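**Q** One structure is given below, represented as structure tokens, and several questions about it will come after.
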Amino acid sequence: MTSPDGLAVLDRITLRQRITMMVNRYEVRAGGADGPMLALAEQKRFALKESVTFYSDEAKTQPVFGFLARNVMDLNATYDITDGAGQPIGLFRKDFGASLLRSTWIVEVPGQGITGRGQERNAAVAFLRRFTDFGWPIHFDFTTDAGDPLISIERQWSLRDSYDCSLPAASNGARLDWRVGACLAVACDALMGR
């Protein structure tokens, strides 16, 4: 199924990290770990301004979307999500105060009329993860401001980070743009000091 703007409407994506020396690299796949690859994400480590670009292919010839921090090293950073042409799709930002106990994100997707927030599901794991992280399962649940489920992001016990992302339909049948979901999943890994 496709949306009015021609994008695939997906109910599930999987994000898998590839191990590399100088960049964080992720595969985004439709439907699960064995599904077709939708995009390849790349984040340079040690950059002053956090930036992740998602490409359509392994050769990285065509950027299709991405996100970029508005400021350099900001504890309450806001990240703009844009399509391949640089047009805004949405944004997300860390809620620094709430993130002291459990990592918390605010998300806005104006084109879909969505605003919401997501937080780590398990407070005990969130606390332990701050002192030692050896692959704890991490679960984030995002809901709209009206309380509808938006996206669930779950990392299983694993040496190689892999996230299953469920994009449930809202009461009106609409689903979160999978590109926004992919950006949130990368943020839940790369922007938490992992």
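**Q** Looking only at segment 14-30, which residues are buried (at least 19 other Cβ atoms within 10 Å of the Cβ) and of a type in the set (A, V, I, L, M, F, W, C)?
**A** Correct list: L15, V28.
For (1) open to solvent by less than 30 Å² (accessible area, probe 1.4 Å); (2) modelled with pLDDT under 90; (3) in contact with a Gly (Cβ under 7 Å, 6 or more places away or on another chain); (4) among the charged types (D, E, K, R), each residue gets a yes or a no:
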residue	(1), (2), (3), (4)
D83	no, no, no, yes
P88	no, no, no, no
I114	yes, no, no, no
F131	no, yes, no, no
R155	yes, yes, no, yes
D164	no, no, no, yes
G173	no, yes, no, no
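**Q** Moving to a separate point now. Quick test of your reading of the structure: V107 fulfils all but one of (1) without any contact (Cβ under 8 Å) to a residue 60 or more places away in the chain; (2) assigned to a strand (DSSP E or B); (3) β-branched (V, I, T). Name the failing condition by number.
**A** For V107, the failing item is (1).
**Q** To continue, here is another question. From the residues in segment 31-41 that are touching a residue at least 60 places away in the same chain (Cβ under 8 Å) and more than 13 Å from Y163 (Cβ to Cβ), which one is least open to solvent (accessible area, probe 1.4 Å)?
**A** Filtering first and then ranking leaves A39.
**Q** Output the number of residues of segment 42-81 satisfying the condition of being open to solvent by less than 30 Å² (accessible area, probe 1.4 Å) and among the aromatic types (F, W, Y).
**A** Number satisfying all stated conditions: 4.
**Q** Restricting the search to segment 67-104, which residues are part of a strand (DSSP E or B) and polar (S, T, N, Q)?
**A** T78, T82, T104
**Q** Would you mind telling me which numbered condition in (1) out of contact with any Lys or Arg (no Cβ under 9 Å at 6 or more places or on another chain); (2) open to solvent by less than 30 Å² (accessible area, probe 1.4 Å) F142 fails?
**A** F142 satisfies every listed condition except (1).
**Q** Let me ask you something else. Output the residues belonging to segment 90-102 that are open to solvent by less than 20 Å² (accessible area, probe 1.4 Å) and within 13 Å of the chain's Cα centre (by Cα).
**A** G90, F92
The values are calculated or read from the model by the stated rules, or taken from the named source; none is laboratory data. Being a predicted model, the structure only gives us computed values, none of them experimental. So basically every Cβ, Gly included, is an ideal-geometry build from the backbone, and we count neighbours across all protein chains shown. The protein model used for the area step is the full one, side chains on, heavy atoms only, and it has no ligands, DNA or RNA in it. Shrake-Rupley method; radii C 1.70, N 1.55, O 1.52, S 1.80 Å.
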